[in-house]
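J.: My structure is below; once you've seen it, I'll send some questions.
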């Protein structure tokens, strides 16, 4: 498995892109509940509203149609939601502006912005992001496991298609998790948050010469669907709470439809409706 698109080589006519956290790896819940949310409480000193903050954080990042939102946009969305409830929150105006305008939502991008501006709000956000990564690496190591059925589904996909991880998660963490659980053997290239947005990554992969109807994004969040739609490619949902069913159906039904050209249209529409109905 390559970890740079420059090293990727197209070997098949079909391409399957797959998200990591919450889709192929059963890591999304524990990361938000034990790392992302609690470290935000610590860094922005929100202990006085800890319970409410964590409830809103988890709703936004796990259980509603913003599931899978980038970590930095998740901070902005959570702060805004709490402000609408009348809760006074720390000022993150300049951080919000960065999150809305940067073309790369990652630590390196944030570091470059800090080097240019020396902005304290950006420094606080980077402090939080590093704290999250440390918690994941030091405290949550070993708590990750593949989603049931994902390994078999990926193996089936890689038999007939090139497979690319397209994730907004930290690339080093994704690489570590997929390698330890031996999912990497079914993947050709890994593109994490450092490679750009999911939509951008799919766009770049398409340049290797895949037809739109021969590119499929597998994901569990609206951002995955959006990335597929803006690139005019197909989307297969891993349903929250029904992950094994979703992967089994992919392997036993959807993959064949993808290959024979019957995925687009009515079947695709049915899957998207089911996906949207499954989220709050």
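The values are calculated or read from the model by the stated rules, or taken from the named source; none is laboratory data. Please read all numbers here as calculations on a predicted model, not as lab measurements. Using ideal geometry, Cβ is built from the backbone for each residue, glycine included, and neighbour counts are taken over all protein chains shown.
J.: Are there any helices (runs of 4 or more DSSP H) wholly within segment 218-280 with 3 or more residues that are surrounded by 13 or more Cβ atoms within 10 Å (Cβ to Cβ) and out of contact with any strand residue (DSSP E or B) (no Cβ under 8 Å at 6 or more places or on another chain), and if so which? Outline the logic, then answer.
T.: Numbers: elements: 222-230, 243-249, 255-260, 266-278.
It comes to 222-230, 243-249, 255-260.
J.: Could you pull out the residue among 199, 173, 164 that is assigned by TED's automatic domain parsing to the domain that holds residue 236, within 17 Å of the chain's Cα centre (by Cα), part of a helix (DSSP H, G or I) and farther than 26 Å from residue 34 by Cα? Before the answer, list the steps.
T.: On the way: 173 fails: farther than 26 Å from residue 34 by Cα; 164 fails: part of a helix (DSSP H, G or I).
None of the others qualify; the one that does is 199.
J.: So residue 133 fits all but one of (1) more than 18 Å from the chain's Cα centre (by Cα); (2) touching a residue at least 24 places away in the same chain (Cβ under 8 Å); (3) not assigned by TED's automatic domain parsing to the domain that holds residue 204; what number is the exception?
T.: So the condition that residue 133 fails would be (1).
J.: When you go through (1) farther than 30 Å from residue 241 by Cβ; (2) without any contact (Cβ under 8 Å) to a residue 24 or more places away in the chain; (3) in a helix (DSSP H, G or I) one by one for residue 127, which number turns out not to apply?
T.: Here residue 127 clears every test but (2).
J.: While we're looking at this one, here's another question. Condition check: under 24 Å from residue 30 (Cβ atoms), surrounded by fewer than 18 Cβ atoms within 10 Å (Cβ to Cβ) and in contact with a helix residue (DSSP H, G or I) (Cβ under 9 Å, 6 or more places away or on another chain). Does residue 125 satisfy that? So that I can check it myself, show each step before the final result.
T.: Numbers: under 24 Å from residue 30 (Cβ atoms): yes; surrounded by fewer than 18 Cβ atoms within 10 Å (Cβ to Cβ): no; in contact with a helix residue (DSSP H, G or I) (Cβ under 9 Å, 6 or more places away or on another chain): yes.
Answer is no for this residue.
J.: Another question about this same structure. In segment 7-115, which helices (runs of 4 or more DSSP H) lie fully inside it and hold 1 or more residues that are within 22 Å of the chain's Cα centre (by Cα) and farther than 25 Å from residue 134 by Cβ?
T.: Ranges flagged: 71-84, 93-101.
J.: Is there a residue being over 14 Å from residue 35 (Cβ atoms), out of contact with any strand residue (DSSP E or B) (no Cβ under 8 Å at 6 or more places or on another chain), outside any helix (DSSP H, G or I) and at pLDDT 95 or above anywhere in segment 138-150?
T.: Among the residues of segment 138-150, at least one is over 14 Å from residue 35 (Cβ atoms), out of contact with any strand residue (DSSP E or B) (no Cβ under 8 Å at 6 or more places or on another chain), outside any helix (DSSP H, G or I) and at pLDDT 95 or above, which makes the answer yes.
J.: Residue under question is residue 170, and the condition is that it be touching a helix residue (DSSP H, G or I) at 6+ places or on another chain (Cβ under 7 Å) and under 19 Å from residue 151 (Cβ atoms); does it hold? Walk me through how you get there before you give the answer.
T.: Details: touching a helix residue (DSSP H, G or I) at 6+ places or on another chain (Cβ under 7 Å): yes; under 19 Å from residue 151 (Cβ atoms): no.
Here the answer is no, as residue 170 does not meet what is asked.
J.: Another question, if that's okay. Consider residue 30 carefully, then state whether it is closer than 27 Å to residue 163 by Cα and surrounded by fewer than 19 Cβ atoms within 10 Å (Cβ to Cβ).
T.: yes
J.: In addition: Checking residue 85 against (1) over 23 Å from residue 224 (Cα atoms); (2) loosely packed, with under 14 Cβ neighbours inside 10 Å; (3) touching a residue at least 60 places away in the same chain (Cβ under 8 Å), which single condition isn't satisfied?
T.: (3)
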